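As structure tokens, the structure follows; a few thoughts come after it.
The values are calculated or read from the model by the stated rules, or taken from the named source; none is laboratory data. Just so it is clear, the structure is predicted and the values come from calculations on it, not from any experiment. Note: ideal-geometry Cβ built from the backbone for every residue, glycine included; neighbour counts use all protein chains shown. What goes into the accessible areas is simple: the full protein's heavy atoms, side chains included, and nothing from ligands, DNA or RNA. Shrake-Rupley method; radii C 1.70, N 1.55, O 1.52, S 1.80 Å.
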Amino acid sequence: MAYKSLDPVTSSDIAALGISVELAESLHGRLAEVFRNHGSATPDTWRNISSHILSPDLPFSLHQMLYYSCYKDFGPDPPAWIPDPENAISTNVGKLLEKRGKEFLGVKYKDPISNFSDFQEFSVTYPEDLIVRGEKTIPLYSRIVEAQSPMAIVIPSKGSSVSAELRHGDVSWHDFLKRANDFKKCEFAAVEQPIDAYTNILFSSGTTGEPKAIPWTQATPLKAAADAWCHMDIQKGDVVAWPTNLGWMMGPWLVYASLLNGASIALYSGSPLGSGFAKFVQDAKVTMLGVIPSIVRTWKSTNCVTGYDWSTIRCFSSTGEASNIDEYLWLMGRAHYKPVIEYCGGTEIGGGFVTGSLLQAQSLAAFSTPAMGCSLFILGSDGYPIPRNKPGIGELALGPIMFGASKTLLNADHYDVYFKGMPSLNGKVLRRHGDMFELTSKGYYHAHGRADDTMNLGGIKVSSVEIERICNEADDKVLETAAIGVPPLSGGPEQLVIAVVLKNSDNTAADLNQLKLSFNSAVQKKLNPLFRVSRVVLLSSLPRTATNKVMRRILRQQFTQLDKSSKI
């Protein structure tokens, strides 16, 4: 939909979205006041609109109109959330920098917001200072494990308003607590272990190949906790919820990130896709809610969170797959526009390598910073890193030294998987990750899916995620899509096939030709006029790993085999 600039928006435009005339006039008057103080098209304009005018009970169409109208001529990466200087100094990193910023950064230190990127660079240049600086320990990797208040887990109990009694095997939650109290009477001696001793073993999701058995060491929990401390600002007393399980890295990550920082974990017994979970978030007074985009997509399409109060949330965090701008604008609006901290990493990293911060402006579906202690490089077409801070797109490589990252695999050669064939920089071989990333002119990072999930359309390399973002919004009937490049049996360039899942699963009579026209029109208009959708395939669901990542390689195999069968 095309939106006009904010200044010509009238009370009639607002009322046309299903809002009463009286309320529309009131909202228009408040908008006019914001315009007088901040102009009609600045980040401060949107910050005031989102914090003082919009609310979860207003139609999302109004949220969209005001957001897109405000940033109509802004260009890429408009900030959906901007840090407030007063709140910034109360964050974990803000407190640290206010106390020791000049010690770390010298005379260039000004304030936590202005110097956050400098501090991130400091964490890469002087990684040893993250652990011990002289005789003083800073929180990033050490102080977070000092004694905290009693650690808590919030779980719905029998008779509560949030869920039925949780049972683990044949042990009720009540019995489990009783046994835990019995343990408190016992005396336990600490067992000294080397830093490389295993704490647990996880398997990668197998999105692009066989799952890898990855040991987590004594260092990995500190990496998870440090990421949460620095980037999600998890503090003592917070309540953290993230729909996950212990088979996915975010399960143990949640345990370490919460409890080592003195926060509570909110665990919900049941599916997170319905209103029961939305009520649980409200009743548990969750302060940091982790999500994956497909869950948010379901919440938005079913509107199951309507009526629940999420005002205790200080921030969201998102991982697992690429985000959608409209869906995350909607998500922020459910909690009065708290930021979404995007988080991308891997099981072999024990956390993230690129993410966001409460000390930086956050743009939707974008990352604002490398994680603390991590350095990122985008490889050009020649296979070598493009100049630092220069906008570009390519396969992502990581600096080889990252606290808590894997050093061995149990079922593969670690060097071959992560380092073999990678370029060197300053005498050190870079680490392979396998994602396509873009650094924009405004300094934000965008994920474009796995390097294996790119395709060559008419000599132009493009990621599946870029096409899917466009197709997902091309028709209101579409829930989600997967874009696959399928090589023709007779040879030649890859053909673009779109697998589509509809919001209404009973809509088997969907006009695939019309969907194809809609997809073609949107892709050619927004991405490249030379791209063409060859085929649309209707599916009831997309194949996913246990961690909910779309397995496009499975679809590619299926479509290729289908072509072979039809040829026979």
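Points to keep in mind about this one:
- Each Cα pair under 8 Å and six or more residues apart adds its sequence gap; the mean of these over the residue count of segment 375-520 is a relative contact order of 15 percent.
- Which listed pairs, of Lys212/Lys549; Lys212/Lys420; Lys279/Lys300; Lys338/Lys526, have C-alpha distances above 22 Å, in listed order: Lys338/Lys526
- Secondary-structure-derived ellipticity at 222 nm for the chain, considering helices only, amounts to -9000 deg cm²/dmol, per-run term -39500 (n - 2.57) for DSSP H runs with n ≥ 4.
- Residue (of Leu515, Tyr126, Met422) at the positive-pole extreme of the chain, dipole from beta-carbon charges: Met422
- Note on segment 340-481: percent of Cα-Cα distances in each 10 Å bin, starting at 0 and stopping at the bin with the largest distance, equals 11, 37, 36, 14, 2, 0.
- For the chain, the fraction of 1.4 Å probe accessible surface lying on carbon and sulfur atoms is 52 percent.
- Column: log10 I(q)/I(0), Debye, Cα scatterers of the chain, q = 0.05, 0.08, 0.09, 0.12 Å⁻¹: -0.22, -0.58, -0.75, -1.36
- Selection from Cys70, Gly94, Trp242 lying farthest towards where the dipole of the chain points positive, charges on Cβ: Trp242
- Note on Lys442 and Ser269: the model spin-label points, each 7 Å out from Cα along the C-beta direction, lie 4.6 nm apart.
- Listed peptides 265-278, 104-117 by packing density, highest first (mean Cβ within 10 Å): 265-278, 104-117
- The dipole here belongs to segment 53-124: it is taken about the Cα centre, uses +1 on the Cβ of Lys and Arg and -1 on the Cβ of Asp and Glu, and is about 240 debye.
- Val537 long-range amide H proximity, modeled H, under 5 Å: Ile498, Ala499, Val500
- Working ranking of peptides 448-457, 326-335, 299-308, 79-88 by packing, defined as the average number of other Cβ atoms within 10 Å per residue, highest first, is 326-335, 448-457, 79-88, 299-308.
- Relative contact order of the chain, defined on C-alpha pairs under 8 angstrom at six or more residues apart (%): 11 percent
- Taking every DSSP bridge with both residues inside the chain, close to 70 percent are antiparallel.
- At a probe radius of 1.4 angstrom, the accessible area of segment 398-467 per residue rounds to 44 square angstrom.
- The residues of segment 182-298 expose, per residue, 40 Å² of accessible area to a 1.4 Å probe.
- Amide hydrogen neighbours beyond the local backbone of Val239, cut-off 5 Å, H modeled: Ser264, Thr287, Met288
- Between Asn513 and Lys72, the modelled labels are 3.8 nm apart [label points 7 Å from Cα along Cα→Cβ].
- Sorting the segments 37-47, 354-364, 428-438 by their mean number of nearby beta carbons within 10 angstrom, highest to lowest, gives 354-364, 428-438, 37-47.
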